Amino acid sequence: MLSKKTKTFFFSSLLLSSTFFSQAHNVSEGYQKPTDPLVVQNLENWQDLKFGLFMHWGTYSQWGIVESWSLCPEDESWTQRKPEHGKSYNEYVKNYENLQTTFNPAQFNPQRWADATKKAGMKYVVFTTKHHDGFAMFDTQQSDYKITSSETPFSKNPKADVTKEIFNTFRNEGFKIGAYFSKPDWHSDDYWWPYFPPKDRNVNYDPKKYPERWENFKKFTFNQLNEITSNYGKIDILWLDGGWVRPFKTIDPKVEWQRTIKVEQDIDMDKIGTMARKNQPGIIIVDRTVPGKWENYVTPEQAVPESVISIPWESCITMGDSFSYVPNDNYKSSQKIIETLIKIISRGGNYLMNIAPGPNGDYDALVYERLKEISGWMEKNQSAVFATRAIAPYHEGNFYYTQSKDGKTVNIFHLDEKINYQAPSALSFTIPENFKPKSLKVLGVKNKIKWEKSGNSIEIKLPEERFQLKYTTVIQISE
Ligand code: GLC
């Protein structure tokens, strides 16, 4: 039997076979609150943002496959290789890496992305500057396996340094900027040394036995992160993925994938973190799944925690089924996306929604449709979303709660996940304890709302206008 405590942190709605949070796991365990006042302030501000954009984009989008993982010699559902991409493993790797020579996303126009996502209420962006496959989507000087190499056709394009273009464009639109970066690099000879075949996702030699090689890898990683935090303007979040690259002593044997780590892979996060903070004072650092000084917030994946988590956290969830571009992906409905956002913010978290650009350099048309629908909802309801905090009872039946930071306003979201939402003619819900409402409105409804309070609950009658409400009814009560 699981203890009650563990149960509390079970995640609901696991959507995909996920490589991280795929089992009961207390994400708050070992959390170390930052002490640097700038970081503390930035984290507080980041918790106001609520809705962020994640983008996985690389040469893999040309094959419409899962990002990087097919290079990993583990037999998992997300590492499968299509036979037409190579008969043997070695041939596959060669063909995969050759995708560099055809990558030419001619329609790349980050302004279009920023416009559409900004209207939909998104306030920060996290972009894959380098995924596990090692292909740099920025102009690194440490490797030629990069978008700006003459080997890559897109290098001739004036917007070839896509990381720079994306960061500058979104920053100009008021977004906070996050750099996703994979610590493991499956292209680097100092991570997967060609002398041995790779065995799994981990380094393929023992760093203790070959310290010089590991030292080279540490330098390489440090240098790339130094480039990202020096050459790309203000960066607000450094989002480090690939939690198997970690000090051996930090392995949590309760987590299945961490049990596969057999050797020391200490990348010297103190040195990296200190450098990043020197380049970017106050930068939030997320050394994912490695609790301690450098994991400033936690990142459940493809899942919504079932209850409130009192440390800073963010769920990353795909808009389709995949983090990377897949033709005809199964995009979630706008109602589902808004429901997910509401659940997450009522439990104190941020929602980092992933949209994958295609090989042509743009999103699918359906993505823009969804973003437009979400924009319509945001226009009316944003005051209940941004710069809010969780408040008990958090969630009761179909009702979800948030409060303004000064505690003077409480927002109650009514959902109905079973149907294409239609607001009922009457609703009744609990008021948070000790809250004394003086006024009440329903966002997006102009008519005065009739409401009656009895004991600790309120009943409202909704006018005809309710038929215009989409996805939710949002009630705002103020003291
Ligand atoms: C999963 C995927 C990985 C992706 C990450 C984003 O772990 O396996 O490729 O980058 O999710 O959170």
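Since every read-out is calculated from the coordinates, none of them should be taken as a lab result. Bear in mind the structure is a predicted one, so any value in this text is a computation, not a measurement. Here the Cβ is made from the backbone with ideal geometry for all residues, glycine too, and neighbour counts use every protein chain on show.
Brief remarks on what is shown
- Its Cα centre serving as origin, the chain has a Cβ charge dipole (Lys and Arg +1, Asp and Glu -1) of approximately 1420 debye.
- On Cα atoms only, tilt of 162-172 relative to the major axis of the chain in degrees: 30
- Cα centre as origin, Lys/Arg/Asp/Glu Cβ charges: segment 388-478 dipole, Debye: 380
- Overall form of segment 99-191 per C-alpha gyration tensor (a/c, 1.5; a/b vs b/c): oblate
- Among the GluC sites (Glu not before Pro) in segment 58-101, those placed in a DSSP loop whose Cβ has at most 16 other Cβ atoms within 10 Å are 74, 76.
- Entries of 249/293; 219/249; 208/278; 123/278; 372/405 with Cα pairs more than 18 Å apart: 219/249; 208/278; 123/278; 372/405
- Summing Lys and Arg as +1 and Asp and Glu as -1 over all other residues whose Cβ lies under 13 Å from the Cβ of residue 377 gives a net charge of +3.
- Helix 37-49 axis, angle to the chain major axis (alpha carbon atoms, nearest 10°): 60
- Listed residue (153, 251, 71) projecting farthest to the positive dipole end of the chain, Cβ model: 251
- Positive dipole terminus of the chain, leading residue within 280, 184, 323 (C-beta point charges): 280
- Calculated mean residue ellipticity at 222 nm for the chain: -7000 deg cm²/dmol, from DSSP H runs with n ≥ 4 weighted as -39500 (n - 2.57), summed, divided by the residue count and rounded to 500.
- Taken one residue at a time, the phi angles of segment 203-213 give Karplus couplings (6.51, -1.76, 1.60, θ = phi - 60°) of 3, 9, 9, 8, x, 6, 7, 10, x, 5, 4 Hz. Gly and Pro are set to x.
- Close amide H contacts of residue 130 (hydrogens built in the peptide plane, cut-off under 5 Å, sequence separation of 5 or more or a different chain): 137, 182.
- Whole-angstrom gap from segment 63-139 to segment 322-354, using each part's C-alpha centre: 20
- The listed peptides 306-318, 99-111, ordered by packing as a protection proxy, come out as 306-318, 99-111 (highest mean of other Cβ atoms within 10 Å first).
- Selection among 195, 340, 96 by position relative to the dipole of the chain gives 340 as farthest towards the positive end (Cβ unit charges, Cα centre).
- Legend: ranking of residues 254, 332, 209 from fewest to most surrounding C-beta atoms inside 10 Å; resulting order 209, 254, 332.
- Chymotrypsin sites (Phe, Trp or Tyr not before Pro) restricted to DSSP loop in segment 111-145 with at most 11 other C-beta within 10 Å: none
- Protection proxy ranking of 375-382, 447-454, by the mean of other Cβ atoms within 10 Å over each peptide's residues and highest first, is 375-382, 447-454.
- Here is the P(r) of the chain: all C-alpha pair distances, binned every 20 Å from 0, give 23, 55, 20, 2 in whole percents.
- Ranked by how many other beta carbons lie within 10 Å on average, peptides 167-176, 149-158 from highest: 167-176, 149-158
- Stokes-Einstein diffusion for segment 388-478 at 37 °C, viscosity 0.692 mPa s, with a Kirkwood radius from C-alpha pairs, works out to 247 µm²/s.
- Distance cut-off 11 Å, percentage of C-alpha pairs in segment 252-294 lying past it: 72
- Whole-Hz couplings from phi, Karplus 6.51/-1.76/1.60, listed for segment 272-288; x for Gly and Pro: 5, x, 5, 4, 4, 6, 6, 6, 9, x, x, 4, 7, 10, 10, 8, 3
- Shown in residue order for segment 303-313 are the 3J(HN,Hα) couplings computed by the Karplus curve 6.51 cos²θ - 1.76 cosθ + 1.60 at θ = phi - 60°: 7, 10, x, 6, 9, 4, 10, 8, 10, x, 8 Hz (x for Gly and Pro).
- Partners for residue 441 among lysines (Cα-Cα distance below 17 Å; same-chain residues under 8 apart left out): 380, 408, 450, 453, 461, 470
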